[in-house]
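A short worksheet on the structure shown next.
The values are calculated or read from the model by the stated rules, or taken from the named source; none is laboratory data. Just so it is clear, the model here is predicted, and its values are computed rather than measured. Neighbour counts are summed over all protein chains in view; Cβ atoms, including those assigned to glycine, are modelled from backbone coordinates with ideal geometry. Surface accessibility is based on the protein's heavy atoms, side chains included, excluding ligands, DNA and RNA. Shrake-Rupley method; radii C 1.70, N 1.55, O 1.52, S 1.80 Å.
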Amino acid sequence: AKLVDLIPLFENQLKVTKWNIDQNAENYGTPAMFQYRKLPPPDSDTQGKPEEWADVHPSRVQILAEGSVGDFFDGIPLLRAGFNRLMDLDKISGGSGESYLKNSSRTIVFKYEAGAAPQAIPGPDGKEPTSVREAHETQARALNRSTDAAIVMQGGDATTLQTSISDPTGPWTVAANEFAASVRLPFTILFGQQTGRLASDEDKQDYANRCASRQEFELTPMLEEFITRMQAAGIIEAGDFEIQWPPVNAPTETDKANLLGKMTAAMQQAFQSGLTEPLFDANELRAVMDYEERTDDGLPTEGDPAVDPLQQDDNAPAAA
């Protein structure tokens, strides 16, 4: 008689263990029993603890799959088309960062003249390294560990190995645009505008249309099924209902004020052109700003005498 909990699941947490195989039944080919796998808390060390599975009846399962409502076997993962582009983004940004790390690690290159015969130089403690190679490695480690370390050379030269770093902006932008196209989201909406500008009106409108389409064709059917189930269980009162969404592209207060100014300017132009009837009444203008309606429209009714603005109010005190 009450709703205990709602648990969102990933696809790999649910599997079908039994199917309805009666070909004469309406539910033929649908799951007759699910199994639910409980995931451990994130970043927890389970130390090989067995996974917990529990049988769940289909009446307790509500499917919301990307591209499909009611059957996750028909759904198409949203990220499948652009998954390789996500891998490219990781490689490009990671490879660029690795290049900067390599250049900043100061890999030392020792170069000697053709006739040079380097020998291992004893250290400050008088202990002589076993080989020239070991002496080089010791000095290189000391140089990278401390900023005031020095290198002693015998007829040679020490330089740092530098790699050329390419600008990752172009390849990264191409991969990012391809991924944005795969999920049907504008690049400026998904990643933000890099030049300090806001997203264009076209991008915002396209994104709003995408959200409205998802609400109407994917989320609304899922919610209608959920509410119907809750009504059948007696959790929600039975009766007709309708799913309504707030507009995703609702104008801001500034947009509403600009629209109101244009409407009143149009009314003034129409009056000056000889139109006696107003284009909009007071309630229509108030609705633009989401104000409550008035009991009257605020306009004089037909046949009422015009009010002289210079006429003195009867309730006003007389001038001395």
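Amide H to amide H distances under 5 Å link Tyr112 with Asp157, where only residues 5 or more positions off or on other chains count and H is placed in the peptide plane.
A Förster radius of 56 Å, combined with the Cβ-Cβ distance separating Ala81 from Gln119, puts the computed FRET efficiency at roughly 0.30. Ligands, DNA and RNA aside, Arg37 has an accessible area near 30 Å² when probed at 1.4 Å. Residues whose amide H lies under 5 Å from that of Trp19, counting only those 5 or more places away or on a different chain, are Ala32; hydrogens are built 1.01 Å from N in the peptide plane.
With distances taken between every two different alpha-carbon atoms, region 43-110 has a Kirkwood hydrodynamic radius of 17.6 Å. Here the contact order of region 138-286, divided by its residue count and restricted to Cα pairs under 8 Å and six or more residues apart, works out to 11 percent. Only protein heavy atoms count here; on that basis, with a 1.4 Å probe, Ser200 has an accessible area of about 50 Å². In this structure Tyr36 has an accessible area near 50 Å², from a 1.4 Å probe over the protein heavy atoms.
Each residue of region 75-90 was assigned a 3J(HN,Hα) from its phi angle through the Karplus expression (A = 6.51, B = -1.76, C = 1.60, θ = phi - 60°), giving x, 10, x, 4, 8, 5, 5, x, 5, 5, 5, 5, 5, 5, 4, 5 Hz with x at Gly and Pro. Sorting Phe73, Phe187 by solvent-accessible area of protein heavy atoms yields Phe73, Phe187, largest first, with a 1.4 Å probe. Bridgeable lysines around Lys256 (alpha carbons under 23 Å apart, same-chain partners fewer than 8 residues away excluded): Lys204. Overall size of region 152-236 from C-alpha positions, given as principal axis extents largest first: 92, 35, 21 Å.
Counting Lys and Arg as +1 and Asp and Glu as -1 over every other residue whose Cβ lies under 13 Å from the Cβ of Asp55, the net charge comes to +4. With q set to 0.16, 0.17, 0.18 Å⁻¹, the log10 of I(q)/I(0) for region 232-291, from the Debye formula over equal scatterers at the Cα positions, is -0.67, -0.71, -0.75.
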